[in-house]
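What follows is a set of notes on a single structure, which appears directly below.
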Amino acid sequence: MEKIELKDAFAEFKNQKNIDRPTMMGVLEDVFRTQITKTYGSADNFDIIINIDKGDCEIYWNRDVVEEVEDPNTEIAINDPELDDDYELGETFAKKIELKDFGRRGILNIRQNLQGRIMDIEKANLYNKYVNKVGELFTGEVYQTWAKEVLILDEDGNELRLPKSEQIPGEHFKKNDTVRAIIKSVEMKNNTTPYIVLSRVTPEFLERLFEQEVPEIYDGLITIKKVVRVPGERAKVAVESYDERIDPIGACIGVKGSRIIGIVRELRNENIDVLQWTSNTQLLIQRALNPAKISSIVLGGEDDKIKVYMLPDEVKKGIGKGGCNIRLAGMLVGKEIEVWRDIPTSEADDDEEDVLLSAFDNDIEPWIIEKLQSIGCDTAKSVLALSAADIAKRADLEDETVEEVLEILRAEFED
């Protein structure tokens with residue numbers, strides 16, 4: 001019975017495709033030497049011969065033939081009944097150890113230790129397989145969905161997780177759906193199976209999709225310099241070509257949008273702006289805020305923010321829905337961008353009585369003023385020109401807060 005159980009363990013070990021033969025031999029020998037040490041006190045004078053193909057092993061206990069035994073583990077007396085008359089002093093007596101000599105508990109320990117080592121190797125192989133693929137595109141099938149994450153299996157049945165926080169807002173998956181995502185991280189937690197996290201919201205995911213859809217990027221003829229995203233809403237991709245014959249923007253978009261349309265669908269209709277990269281910050285900002293027309297740009301003031309001046313009619317286009325466009329432009333250049341209304345001289349004369357919002361810093365919290373400035377309202381009248389609902393939505397402020405601000409500004413002009 002013990003030998004059958006051990007053979008099953010051998011077979012289970014042998015079937016691990018990712019374990020090479022030297023590793024198998026080493027682990028098996030180590031498992032037996034560990035049990036020999038527990039049973040006999042030392043394994044130094046034992047020979048272990050393992051036959052992986054047959055699922056069997058032979059163990060020999062080597063002892064020196066002596067006149068008087070001092071160490072029973074390494075020596076045997078010449079008059080011991082185990083010896084026949086052919087042995088002489090100084091020779092080595094090799095006794096074959098049967099599995100039953102370990103006892104039933106010993107055999108169970110060997111089997112459990114072997115299975116544990118198999119699992120450890122499986123975990124290490126899985127960890128090494130995916131830790132070297134972090135940042136790569138992965139395609140798998142949904143096995144199960146939960147409220148906080150989706151379980152996806154690879155071709156070998158390994159489990160990967162797509163947390164809700166790494167899913168594009170609004171998307172839902174069901175069993176057997178095919179999912180594409182980027183391998184974000186691989187973690188070992190408390191010696192359990194590696195926890196492999198996927199993501200569909202990182203800029204790298206969009207970059208990998210472009211590499212897959214645009215041959216010129218994959219071949220290195222076009223370089224993606226930077227990608228910024230607000231997942232599910234908008235993204236900006238800055239590209240560059242070192243070959244003057246290649247139009248990087250046209251190549252990324254494709255004829256009639258043939259290349260980018262697949263990416264847009266994969267991202268649940270996320271708007272993607274492809275623009276040409278430049279190291280000139282002002283020009284990069286202009287390209288990032290296109291089609292809004294910029295009157296002037298002031299780089300790096302005392303607060304290190306970039307101020308962009310636009311005509312009133314251009315402000316809404318520059319800021320974008322919910323401030324998304326201006327936020328992405330700031331992420332692209334690596335600095336916060338503020339939009340200021342550039343009022344023509346003729347209009348400025350008519351608006352002599354208008355007051356900058358910064359003048360109300362004693363009555364209105366500075367963070368509220370910054371929120372209003374971020375949507376292009378830098379003066380009192382520019383705020384009063386909007387409805388309370390519009391201000392609350394665009395500046396992400398509470399209705400009560402907006403009403404308080406409007407009362408303060410109205411009081412200024414009533415006086």
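The values are calculated or read from the model by the stated rules, or taken from the named source; none is laboratory data. Since we're looking at a predicted model, the values are computed, not measured. Positions of Cβ are backbone-derived with ideal geometry, glycine not excepted, and every protein chain shown enters the neighbour counts. Side chains included, ligands, DNA and RNA excluded: accessible areas come from the protein's heavy atoms. Shrake-Rupley method; radii C 1.70, N 1.55, O 1.52, S 1.80 Å.
Residues in the range 194-212 that are open to solvent by 40 Å² or more (accessible area, probe 1.4 Å) and touching a helix residue (DSSP H, G or I) at 6+ places or on another chain (Cβ under 6 Å): Glu211 alone. Just one of the listed residues (Leu89, Leu83, Leu114) is farther than 20 Å from Asp44 by Cβ, part of a loop (DSSP other than H, G, I, E, B) and open to solvent by less than 50 Å² (accessible area, probe 1.4 Å), namely Leu83. The set of residues in the range 290-321 that are under 16 Å from Gln373 (Cβ atoms), of a type outside the set (Ser, Thr, Tyr) and touching a residue at least 24 places away in the same chain (Cβ under 8 Å) comprises Asp304, Lys305, Ile306, Lys307, Val308, Met310, Pro312, Val315, Lys316, Gly318, Ile319, Gly320.
Scanning the range 182-228 for residues that are at positive phi and among the small types (Gly, Ala, Ser) returns a single hit, Gly220.
Number of residues in the range 400-415 that are exposed (fewer than 12 other Cβ atoms within 10 Å of the Cβ) and under 45 Å from the mean Cα position of the chain (by Cα): the value is 1.
If the condition is being touching an Asp or Glu at 6+ places or on another chain (Cβ under 9 Å) and more than 22 Å from Ala329 (Cβ to Cβ), then the range 217-240 contributes Ile217, Tyr218, Leu221.
Condition check ((1) open to solvent by 20 Å² or more (accessible area, probe 1.4 Å); (2) modelled with pLDDT of 80 or more; (3) not in a strand (DSSP E or B)) across all residues:
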| residue | (1), (2), (3) |
| --- | --- |
| Glu302 | yes, no, yes |
| Val315 | no, yes, yes |
| Ile326 | no, yes, yes |
| Met331 | yes, yes, yes |
| Ala359 | yes, no, yes |
| Ile364 | no, yes, yes |
| Lys371 | yes, yes, yes |
| Leu386 | yes, yes, yes |
| Arg394 | yes, yes, yes |
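Scanning the range 231-259 for residues that are assigned to a strand (DSSP E or B), out of contact with any Ser or Thr (no Cβ under 8 Å at 6 or more places or on another chain) and open to solvent by 20 Å² or more (accessible area, probe 1.4 Å) yields a single hit, Arg234. Filtered by the rule that a residue be closer than 28 Å to Glu29 by Cα and either in contact with an Asp or Glu (Cβ under 9 Å, 6 or more places away or on another chain) or touching a residue at least 12 places away in the same chain (Cβ under 8 Å) (or both), the range 72-88 gives Asn73, Thr74, Glu75, Ile76, Glu82, Leu83.
The condition (being more than 27 Å from Arg327 (Cα to Cα) and not acidic (Asp, Glu)) is satisfied by just one residue among Val239, Val150: Val150. Being over 35 Å from the mean Cα position of the chain (by Cα) and modelled with pLDDT of 80 or more is a condition met by no residue of the range 342-355. Scanning the range 304-313 for residues that are in a helix (DSSP H, G or I) and open to solvent by less than 50 Å² (accessible area, probe 1.4 Å) returns a single hit, Pro312. Residue check: Lys96 meets all listed conditions (1) outside any loop (DSSP other than H, G, I, E, B); (2) more than 15 Å from Ile196 (Cα to Cα); (3) modelled with pLDDT under 85 but one, namely (3). Evaluation of Ala43 against the conditions (1) part of a loop (DSSP other than H, G, I, E, B); (2) open to solvent by less than 40 Å² (accessible area, probe 1.4 Å); (3) touching a residue at least 12 places away in the same chain (Cβ under 8 Å) shows that the sole unmet condition is (3).
Taking the range 261-284 as the range and being open to solvent by less than 20 Å² (accessible area, probe 1.4 Å), in contact (Cβ under 8 Å) with a residue 40 or more places away in the chain and over 23 Å from Phe173 (Cα atoms) as the test, only Leu284 passes. Considered as a group, the residues in the range 137-161 that are among the aliphatic types (A, V, I, L, M) and either closer than 15 Å to Val197 by Cβ or surrounded by fewer than 16 Cβ atoms within 10 Å (Cβ to Cβ) (or both) include one that is farthest from the chain's Cα centre (by Cα), and that residue is Ala147. Only one entry in Lys226, Lys184, Lys164, Lys189 is free of Cβ contacts under 8 Å to residues at least 24 places away in the same chain, open to solvent by 40 Å² or more (accessible area, probe 1.4 Å), closer than 28 Å to Gly322 by Cβ and of a type outside the set (A, V, I, L, M, F, W, C), namely Lys164. Here the condition is being free of Cβ contacts under 8 Å to residues at least 24 places away in the same chain and either small (Gly, Ala, Ser) or closer than 20 Å to Met24 by Cβ (or both); of Asn109, Asn113, Asn51, it holds for Asn51 alone.
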